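Data block below; observations after.
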Amino acid sequence: MEFLLARKAKEPLLPHIINETCELYQTKVSIGYTRTCTCKPNHINCLIPKEWLKSQIGVWQFYYEGRDIRNKEVHPATFPISLATKVISLFTHEGELVLDPFVGSGTTLLASQDLNRNAIGFDLQDEYVKLCAERLTKNNLFNKAQQIAIQDDARNIDKYIESETISLIWTSPPYANLLNRERKNKSRRNRDNGQLGKIEQYSQDTRDLGIMPLQEYTISMGDIFERLLTLLKPKGHCVINVPDMWWENERITIHISLVEELRRRGYELRNIIIWDRTNIVNRIGIFGWPSNYITMGTTFEYLLDFWKPSLPKL
């Protein structure tokens, strides 16, 4: 595996990936987390006014680019690089540290590389960690920060990262066990589109949140994010991308469950942004017609924006 060039004279070399075979496994990682930009101290990001204005709109749309992974056989649940780019740009400065506890195909790391943010991503699956490294090595020309994918359980993140060094937690986590079922493609005009009959899931690992029923999933997410709260800087943001889903003719409100759980764990909800996906969702069928009205969850998702209060709530 290729190694990143040292950014400073005394800075240790870090690999693109850390796994059980690496001597850095489950040890503190030496990685930058302070600003390297020239922004004024009271600025919360590096955006210019025009870019800032665009971020004030509560409904966001994004487009795919050539580097995006859209093949579900490579990874079952990806998001556009442009989405990660906007979130990271809005809530961090150059040089600060971004964490993705469920990094998957590495889109967060790739966007961080583009933006000169240091970043660490975690995933249970070695194949996804290797995919992250492959994507990072293809786009390293102007990168002035470090990005690392670590193969480990998100429950072990505090073994790698020092307290109050993370400026942003940004992730699109597994959606409980709602993908852990055979695809029927009832909402698509072309039902046999290569996904019919498949189970779109990351793994069947017993630690995987993607095989848990909603209540167990919510508690496990709370346990993970409570431990991450100590790693987050005061007023550092935590943005979680989730949809709601339909299960046996019932709407499963994942976003409500997570909002309530993270509030219990000490986070403060700051905003809810709608990711409008209508421009990237193709061939939606007539779902529910003529007897059951349902708004398709595939056309929008939630971006839940929390932060760590500067003082704990009493």
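With the structure loaded, tell me whether K10 is modelled with pLDDT under 85 and either in contact with a Pro (Cβ under 7 Å, 6 or more places away or on another chain) or more than 20 Å from D123 (Cα to Cα) (or both) or whether it fails that test. Talk me through it step by step, then tell me what you get.
Values: modelled with pLDDT under 85: yes; either in contact with a Pro (Cβ under 7 Å, 6 or more places away or on another chain) or more than 20 Å from D123 (Cα to Cα) (or both): yes.
Criteria met by K10.
Here is a check on your reading of the model: is E51 over 15 Å from the mean Cα position of the chain (by Cα) and not in a helix (DSSP H, G or I)?
Details: over 15 Å from the mean Cα position of the chain (by Cα): yes; not in a helix (DSSP H, G or I): no.
No.
Which of the residues belonging to segment 101-112 are under 11 Å from A84 (Cα atoms) and not aliphatic (A, V, I, L, M)? Reasoning before the result, please.
Initially, segment 101-112 is screened for residues under 11 Å from A84 (Cα atoms), giving 106-112.
If the condition is that a residue be under 11 Å from A84 (Cα atoms) and not aliphatic (A, V, I, L, M), then G106, T107, T108, S112 are the ones that fit.
Give the residue that is nearest to Y33 (Cα to Cα), with candidates limited to residues of segment 220-258 that are β-branched (V, I, T) and under 16 Å from the mean Cα position of the chain (by Cα).
Step one: filter segment 220-258 for residues β-branched (V, I, T), giving 224, 230, 239-240, 242, 252-254, 256.
From what's left, under 16 Å from the mean Cα position of the chain (by Cα): 224, 239-240, 242, 254.
Values: I224: 21, V239: 18, I240: 21, V242: 27, I254: 31 Å.
Applying the filter and picking the extreme gives V239.
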Revision key, fill the gap. Within segment 114-130, of all residues that are of a type outside the set (A, V, I, L, M), buried (at least 24 other Cβ atoms within 10 Å of the Cβ) and under 22 Å from R70 (Cβ atoms), the one modelled with the highest pLDDT is G121
Study note, to complete from the structure: The condition of being more than 20 Å from I224 (Cα to Cα), surrounded by fewer than 21 Cβ atoms within 10 Å (Cβ to Cβ) and either among the aliphatic types (A, V, I, L, M) or in contact with a Leu (Cβ under 6 Å, 6 or more places away or on another chain) (or both) holds, among A133, A145, only for A133
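From the list S163, S172, S167, which one is of a type in the set (S, T, Y), farther than 23 Å from L209 by Cβ and buried (at least 20 other Cβ atoms within 10 Å of the Cβ)? Break it down into steps so the answer makes sense when it comes.
Working: S163 fails: buried (at least 20 other Cβ atoms within 10 Å of the Cβ); S172 fails: farther than 23 Å from L209 by Cβ.
Of the residues listed, the single one that is of a type in the set (S, T, Y), farther than 23 Å from L209 by Cβ and buried (at least 20 other Cβ atoms within 10 Å of the Cβ) is S167.
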Review point. Any idea which of E200, E182 is surrounded by 14 or more Cβ atoms within 10 Å (Cβ to Cβ), modelled with pLDDT under 85 and acidic (D, E)?
Key: E200
Check your understanding: Would you pick out the residues in segment 43-80 that are surrounded by 15 or more Cβ atoms within 10 Å (Cβ to Cβ), β-branched (V, I, T) and over 17 Å from D114 (Cα atoms)?
Key -> T78
**Study point:** Qualifying residue in segment 275-295 (condition: of a type in the set (D, E, K, R), farther than 20 Å from S82 by Cα and either outside any loop (DSSP other than H, G, I, E, B) or modelled with pLDDT of 85 or more (or both))
**Key:** no
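The values are calculated or read from the model by the stated rules, or taken from the named source; none is laboratory data. As the structure is a computational prediction, the values presented were derived from the model and not from experiment. Here the Cβ is made from the backbone with ideal geometry for all residues, glycine too, and neighbour counts use every protein chain on show.
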